[in-house]
Structures are given as structure tokens and as C-alpha cells.
Amino acid sequence: MASLIAWLDSTPEEQRAARELISLFTQQEGRDELGIGQIRDAFSDLLFPGTSVIQTRARYFLFVPWCYSYGKAAQARGREVVIRGERQERELIKTLLDSNFEDAVGLIGRRKGPSIKNLPSTIYWSGLRRYDILTHDNDLGLLARTGSGDGSTELSARIFADWDAGLPEPPPDFPKAVPGGFDLELGEAEWLRDRIVAAAPESVFAHFLERRLAIADGTRFAWDVVDRNQFEALDHAYWFSGVLRGASLLYNLLIGELYDADPNLNRIEDAAGYYRDQIDDWVEDFVAPNIDALQQWNIQRMWELVLAMNPRIDMRAQMFAEMWVGAIRSGASVEVADNRELRQSVRAREERKGKQSRLLNPRMLATWSGASGTGQLAYRWGTVRVIVNDIVKGLGRDAGS
């Protein structure tokens, strides 16, 4: 059953948020089956501000300003800046596609090429503002409203008005030529690191960059790299991620039970038995060893941090999370698979979707892949890992190379 998302009359910021929402549906962690996405995203913004799950490589934080400040966009003003900047973004995509770089992972437009609808600027704009690379809260159409004249004076005024004055210059003949592809030059990496650290000095993101912490492939969570006790928000994020994983497993168990009971559905064998085993493993590996720490976890302080980041978090999502934490603390985890209260809480969160609920709509049940939203909350870690490594790699370059 196909689902449709219509672009109504909305701001560019709302459209970017919707694009990120669409991307989330392709990721196990990102699927917000239980309606706790606002809490997850508040944690993500605390830990790794300026990031999003649809960002790919760090050098786009330079590519986008270059497209709208240099080349054919340099002599334009107002709406013409947008037109020329978008053309240069598409030219950049073609250049990167044609260059066959050894490391082209994360190339935006890899499949559709320059005709792609969602250009890098739509993906990186919020991050550019968060890091003060874009120096004021402007949409694309408001670029280069100040200044007059032409030549280097106009370009200098443009950069000062719209972009950080320290923005490194692009390679010669950009965007027709992009030497190194996604590899940051030393000066570029230093500048981008400094922008992120200055904008969010207390964040885990800044910690990685200040210490040049390269992150090994396959590392699943930030707390596998740094001591979470060094960062209050990371410690709370760890406990929230661990506890709510049980809810996502129970969600899939409920679906698995219905799936197993339907004689017309047979692609997945013993789905319910699999998730009962997964819940048992979760209790054994996470809950049982940590029950004392969970009982001491200051969830009130967690809400203070999260709600300071986003005061509009849905109250029902808060109540659901509170109930789960309380139940696990009280020992309900020993029977979580069959706990009536926990099962009903998850069922209510799923059934809020109405016709899109797999528990209510047999057609939706038939589309179940066997794992929906089972990935443990990692708070954009896949994106952050790549961007950190791009910058750290650039910081390791010799100035003359």
C-alpha cells in the first residue's frame, strides 16, 4: 500500500525537516514506530548539533557556500544568486560523478545525477546556520541582498554579509574541477573544526574534533568511543536508548504474533519466537546487569535537558517513556514479553496510526519486513562518524601536501 506525502504550503525549513523524515524511513534506528522521535532528535541535537541523518560528507559544508559565493554566483544578487548557485550545485554533482574518485561514498545525486530534486543546500542549510557558516538566519532567496557594484569588492561584501569571513577559497575552476573530491585540505578541515567547536563547545561533537578522535568503522555508538560519564547528555542518552530498545522489541513481538497467526503470511518463520529470544537477550545483557544504576537514573534531569532543547515534545510520548522506565525499574522486565501493561502501552502507540497500523490493518501487516524500528537509538551516529573522520583526516594532512 503506497503512502503519499504532499508538499503543502510550508517554509523551506519545514520542507527540509520533511525530507529528513522521509530518509528516516529507510533506516532501522530512524523508524519512529513508537512516536518517540522528538525525544531522540532532542538528544541528537544535544550531542551532535547541526547534523542530520541525510548529511553525508563534511566537505559539503564548504561546497554549498562556494556554490553561492563564487564562480557564476559571485556577480549576482537577490534571486539570481539562487538560480546561479543551484546551477553550480548541479554542475558540482556532474563533476563529482565524472571524476571517479576512489572515495565517492556519500555523493549526493549518485543515482539521479544533476537532475536530483533535493540539492546539497537543502540538506546542509540548517547545519550551516547552526555553525554560523551562514552568518544570519536567511533562506536561499535572501542571499546577497546587501551591497552593490561588482568585482572583488562585491564578492568580499557578499561573503561578509552572508558567510563566515574566514571561509576558505574554493579550488581553481570550481565547480568544474574539485581536486580531491571529498578530501578536506588542511586549512578547510581546521576552519570547519573551528566553526563547529565555536558553535557547540560543550558537545560530544566538539570533543571528538578537538581531540582528533578518528572513529573505527563498525563502531555502533558514541559511548563506545568516549566515556559517557564525561558528558551528562550522553549518559542520559545511553540509558534512554537502552531502556526503549525493549519497547521496540516488544512492538515487533506483537506484530510477529499476528503475522504467525495469519495462514496467508509465511515469508517469515516463527517471528514471535525470534523476538521473545531478543527480549530475553535484552534483559540479560542490559537490564539485569544495570538494574541498580537504572533505579538511580535521574530521569527528571533527563527531561530538563531534553525539554530545554525542544519544549514542544508531545506529552503522550513523554508519558510513554516515563511508564517504560518506571516499569523496568520496578522489575517488569522479567516478564516484559507477556506483561499486560507494557503490551497495552506499545499497542496504543502503534494503533495511534489508524489505517497505517500493522496491528489494525492486515494489508500493512503483510508488508512487514520482519524488523521495523529494531535498531537501537544511536542519535545520528552513522552520519557523525563519517563527518568526524572526514575532518580528522583533513587535520592530519601536511600543510604542503
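The values are calculated or read from the model by the stated rules, or taken from the named source; none is laboratory data. These figures come from a predicted structure and were not determined experimentally. Neighbour counts run over all protein chains shown; Cβ positions are idealised from the backbone, glycine included.
Looking for something within 23 Å of Ala272 (Cα to Cα) and under 23 Å from the mean Cα position of the chain (by Cα) - is there at least one such residue anywhere in the stretch 322-332? Within the stretch 322-332, not a single residue is within 23 Å of Ala272 (Cα to Cα) and under 23 Å from the mean Cα position of the chain (by Cα). Taken over the stretch 119-136, the residue count meeting the criterion of being part of a helix (DSSP H, G or I), touching a Pro at 6+ places or on another chain (Cβ under 9 Å) and under 18 Å from Leu46 (Cα atoms) is 3.
Ala198 meets each of the listed conditions (1) within 21 Å of the chain's Cα centre (by Cα); (2) in a loop (DSSP other than H, G, I, E, B) apart from (2). Could you please find all residues in the stretch 259-301 being closer than 25 Å to Ser369 by Cβ, among the basic types (Lys, Arg) and modelled with pLDDT of 95 or more? If the condition is that a residue be closer than 25 Å to Ser369 by Cβ, among the basic types (Lys, Arg) and modelled with pLDDT of 95 or more, then Arg276 is the only one that fits. Among the residues of the stretch 166-179 satisfying the criterion of being in contact with a Pro (Cβ under 8 Å, 6 or more places away or on another chain) and surrounded by 12 or more Cβ atoms within 10 Å (Cβ to Cβ), which is farthest from Tyr68 (Cα to Cα)? Across the stretch 166-179, the extreme among qualifying residues is Pro179.
Of the residues making up the stretch 319-344, those that are within 21 Å of Gln296 (Cβ to Cβ), not acidic (Asp, Glu) and not in a loop (DSSP other than H, G, I, E, B) are Ala321, Met323, Trp324, Val325, Gly326, Ala327, Ile328, Arg329, Ala332, Ser333, Val334, Val336. Assess whether Phe221 counts as being in the same structural domain as Glu304 (by TED's automatic domain parsing) and touching a residue at least 40 places away in the same chain (Cβ under 8 Å). No, not satisfied. Tell me, please, whether a residue that is surrounded by fewer than 21 Cβ atoms within 10 Å (Cβ to Cβ), more than 27 Å from the chain's Cα centre (by Cα), under 18 Å from Leu359 (Cβ atoms) and not basic (Lys, Arg) can be found in the stretch 240-255. Checked against the condition, which is being surrounded by fewer than 21 Cβ atoms within 10 Å (Cβ to Cβ), more than 27 Å from the chain's Cα centre (by Cα), under 18 Å from Leu359 (Cβ atoms) and not basic (Lys, Arg), the stretch 240-255 yields at least one hit.
Exactly one residue out of Arg301, Arg363, Arg347, Arg316 is surrounded by fewer than 17 Cβ atoms within 10 Å (Cβ to Cβ), of a type in the set (Lys, Arg), assigned to a helix (DSSP H, G or I) and in contact with a His (Cβ under 9 Å, 6 or more places away or on another chain): that is Arg301.
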